[in-house]
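What follows is one structure encoded as structure tokens, with my remarks underneath.
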Amino acid sequence: MRAPLDILFVVCCIALTADVLVPEIWGSGKTKDYPLWFWAGQQVLQGRDLYPSDPNAYFDFIYPPPAAILLAIPSYFGKIPLYLFLSLVNAVAWWMTGQFSNAMTGSGKIPGPWLFALPGFVTISFVFDMFDLGQPNLVLLTMMLFGFWLLQHQRSWMAGSMFALATAIKVFPVAVFPYLIWRRQWACAASMVVFLGIFLFLVPAPVRGFQHNVSELKTWFQAMVGSSSEQGFGQRAEQNWSWVNQSIIAVTHRLTRPVNYNQDNPAKQPEYMNLLNLDFKSANWVVLAISLAIGLGYVAVMPPPSRITPRSNAEELGILFCLMTVASPLARQYYFMWLFFPITVLIHRAAYDPRPAVQAGTWATLAIAGLLMCLSIPVFPIDLQAYGNNLAATAVITGGLVWHILHPPAAGKASSLSPTAGELKPDMQNNARS
């Protein structure tokens, strides 16, 4: 029964890899981020600097040094091997994301092949972006899911190492750390800190030299983390407040102060969407208030340890993945690849919840979120993205997960739902337990 879907998956991966390799082999060269990854790898191989010495200068490469170290290995063999390697890593990550997501929903069910593949179908545009742009967000998602899978299997130190590796490649997964502290996952949190130090300071040292690496880390931190002003933050000020960024920070600023959401394209006429006319500092206070309200709301819906179930744990993690996505200062279209797991959880609730009305309501929630995400299709005006269509979709998905975590099915109904044929095998059942 899985054969047609497996073949379809392979065909999709071949087509997506061809999108990367064909322009490089027979065309004028692959664009997007791929040449930058090769450049960064070559800088490491040749012992050259990754960043300008001045933190205020323009950075071509805006990731931490460990990311360049990882890119250096396949870059040694040339552009095409590097591009092929990155495509294969994305393909494996896509497959493993589906495996982890479906095993960790807490539904106690093995989905049929088409239901298993449904999250992959509805997030296919994000997957295309991963291959086309060469971005690592899908790989980071797999690392985070693997980390939580390890945590559920009492392998706290290994879990912390996965969270640290994802953070060392691209910083925004660091948002998992407060969650670990709140849930008193002390060993995992300690492991994350220790391994983050190892990945940032020790791993690059033999290649870059300890002092050189520390100097580059300091420069990178000043430019990417320590810079924030009315003009923007990090190294891509033209993207910070523009329509391409759908983070909580960006959408709040666009709605509360007059910022041009077309600033990523100077050729376009400036456009504004602010409902208020606050200054930069006041808008930041609004962002802080919204973030605090969301954080307190998340804590309020978390069940106490005595009431945690595999089902509630999956919903709790689904909300966490939603929040980590939109809490990143820069959340472009492809960042919402991280909705794969929350969507999978809701699909399992829609298919397997014992309450017919809840099933229908969950499918409706997914449909609304899907329609909102479809507003990113180029046929629609960018104004809809400027108002945060993906952010709104994330809010809808989060709302659905919150409802489920607050309204679990009665114990009798939940236990009587699954016929023997639909139960998870013992090894898969462990995957769904916290």
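Read the figures in this text as sums done on the coordinates, not as results from a lab. Nothing here was measured: the structure is a model prediction, and the numbers come from that model. Backbone-built Cβ (ideal geometry, glycine too); neighbour counts: all protein chains shown.
Some points to look at:
- Assigned charges on the beta-carbon of Lys, Arg, Asp, Glu; the chain dipole about Cα centre (debye): 980 debye
- Peptides 264-272, 182-190 ordered by average Cβ neighbours within 10 Å, highest first: 182-190, 264-272
- Cα-based values for the range 137-212, radius of gyration first and Dmax second, are 12.5, 39 Å.
- In the calculated pair-distance distribution of the range 191-322, the portion above 19 angstrom amounts to 67 percent of the Cα-Cα pairs.
- Within the range 167-265: Cβ-based charge dipole about Cα centre, in debye rounded to nearest 20 (Lys, Arg +1; Asp, Glu -1): 300 debye
- Only one residue of Trp338, Ala327, Ala364 has its Cα farthest out toward the positive end of the dipole of the chain, where Lys and Arg carry +1 and Asp and Glu -1 on Cβ, and that residue is Ala364.
- In terms of overall dimensions, the C-alpha atoms belonging to the range 224-295 reach 38, 29, 19 Å along their principal axes, ordered largest to smallest.
- Gaussian network model of the chain, springs between alpha carbon atoms under 10 Å - residue of Leu391, Leu217, Leu339 with greatest fluctuation: Leu217
- Listed residue (Met192, Trp26, Pro303) projecting farthest to the positive dipole end of the range 3-431, Cβ model: Pro303
- For the chain, the longest principal axis of the C-alpha atoms and the axis of helix 79-103 are separated by about 20°.
- Size descriptors for the range 276-356, from the alpha-carbon set: Rg then Dmax equal 16.1, 50 Å.
- Cα centroid separation - the range 296-313 against the range 61-119, whole Å: 29 Å
- Most positive-pole-ward Cα, Ala175, Ala68, Thr219, against dipole of the chain from beta carbon charges: Ala175
- Extending 7 Å from the Cα toward the beta-carbon at both Ser53 and Ala18 defines two label points whose distance is 5.0 nm.
- Put in line by how crowded their Cβ is, counting other Cβ atoms within 10 Å and starting with the fewest, Phe341, Phe9, Phe163 read Phe9, Phe341, Phe163.
- Share of pairwise Cα separations in the range 53-209, more than 18 Å, in percent: 66 percent
- Residues of the range 264-281 falling in the label zone of Gln231, defined by backbone nitrogen less than 15 Å from a point 7 Å along Cα to beta-carbon, are 264.
- For the chain, fraction of C-alpha pairs farther apart than 34 Å, in %: 33 percent
- Put in order of Cβ neighbour count within 10 Å, fewest first, the listed residues Trp114, Trp37 become Trp114, Trp37.
- Each Lys and Arg contributes +1 and each Asp and Glu -1, all at the Cβ; summed about the Cα centre of the range 1-70, the dipole is approximately 180 debye.
- Label positions at Leu371 and Ala357, each projected 7 Å from the Cα along the C-beta direction, are separated by 2.2 nm.
- Per-residue Cβ neighbour rank within 10 angstrom, fewest leading, Glu238, Glu316: Glu238, Glu316
- Cα-based helix-to-principal-axis angle, 124-133 vs the chain, degrees rounded to 10: 20 degrees
- With Cα atoms, 0 to 90° folded angle of helix 3-26 axis to the chain main axis: 10 degrees
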